[in-house]
1. Looking only at other chains, what is the average number of their beta-carbon atoms within 10 angstrom of each beta-carbon in A:42-53?
2. Determine the dipole magnitude for the range A:143-212: charges of +1 sit on the beta-carbon of Lys and Arg, -1 on that of Asp and Glu, nothing else is charged, the reference point is the Cα centre, and the result goes in debye to the nearest 20.
3. Name every cysteine in chain B that ends up alone, with no second cysteine's Cβ under 4.7 Å, or say none.
4. Normalise the Debye intensity by I(0) for the protein assembly as shown, one equal point scatterer per Cα, no solvent, then take log10 at q = 0.10, 0.11, 0.15 Å⁻¹ and round to two decimals.
5. Dipole magnitude of chain B about its Cα centre, charges +1 at Lys/Arg Cβ and -1 at Asp/Glu Cβ only, in debye to the nearest 20?
6. Among B:I52, B:F14, B:G42, flag the residue with its Cα farthest along the positive direction of the charge dipole of the range B:1-64, charges on Cβ as +1 for Lys/Arg and -1 for Asp/Glu.
7. Between A:D181, A:D33, A:D67, find the one with the highest GNM mean-square fluctuation for chain A; connect C-alpha pairs within less than 10 Å.
8. Angle between the Cα long axis of helix A:78-99 and the longest principal axis of chain A, 0 to 90 degrees, nearest 10?
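FYI, it's all coordinate maths here, none of it is from the lab. Being a predicted model, the structure only gives us computed values, none of them experimental. Cβ sites come from the backbone with ideal geometry, for glycine too, and all protein chains shown count toward neighbours.
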Amino acid sequence: MGSTSGQDEGRGNEAWRRELRAAGPEGEAARRDLRALLVAGLGRAFGARAGAQVEDFAQEALVRVLDRLDAFRGDSRFTTWAMSIAVHVAHSELRRAHWKGTSLEDLAAYDEAGALLPEGAPDAERSLARARALAALEGALGQITDRQRAVIAGELRGMPQEEIGRRLGVGRNAVYKLGHDARRALLRALVAEGLGADDVRWAFSGEEGGAP
Amino acid sequence: MKLTRAEMCLLLSFLYETSDDEITCDDALEGFAALAEAELRGGGVSARTAAIAEHVAECPECAEEYASLLAAIAAAAPPPG
């Protein structure tokens, strides 16, 4: 993207990367300008929600950007990429504060089955199909690991992956992998029981007609 | 940790959408900038950027971060076209 606004301080992507790496006044000016740009952007995005913390978030983001200069692929403005790191830092810190002191075991169970199911009592065939799917899922949940089950429960109860990871002592990608592996294992188990997507969709829907 | 009946119903509502080639939140974050600029520009996107848009649509945490990125860069965005 060739266009630069005043917020880019007239630098193109390569100039940003070169100057941020530079020692002396040139490097200091680039780092100061980028930090100011991040503070302004975070202020627009978070307003009073982050308050004076935007200064700290921008500083942390600047450190991460400087550590990851080689990871920039050049498919956007450099400053947009840096801002994406800054908003991630800000959200991570705000989530950490929000969930502080809450363990995975403290999380309230999701209990709104009514919102997922059609109104009215299911007919006997559908009721049986639901019971069969739930029994198969319960059996499959017993076959995955405790950590996989903790990730699935944490996600269903609304805890962000990064916070689940903090409690399990792993990063966000590892949490994703635990959850993804668990979902694949559960899916394989259900399919092995003869429960395809259409069967389960029908069982929990209010569609007219018999089982697929 | 044991799941409630309601949680198992919720899990069944999206379990069959699981695919082998899902992208992670960290992968998505790396592509937020290109996606945001494409969205503000109103132009087409690459297959990779489209996959990131799909992830953002399904992941509440990434959706929250992506919305913040759009808000943060709105004033600095290039004009459409």
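1. Mean partner shielding for this stretch: 2.
2. 540
3. If one checks each Cβ against the other cysteines of chain B, B:C9, B:C25 turn up with nothing under 4.7 Å.
4. -0.65, -0.75, -1.12
5. That gives a dipole near 240 debye.
6. B:F14
7. Between A:D181, A:D33, A:D67, it is A:D67 that shows the largest mean-square fluctuation.
8. Helix A:78-99 and the main axis of chain A meet at about 50 degrees.
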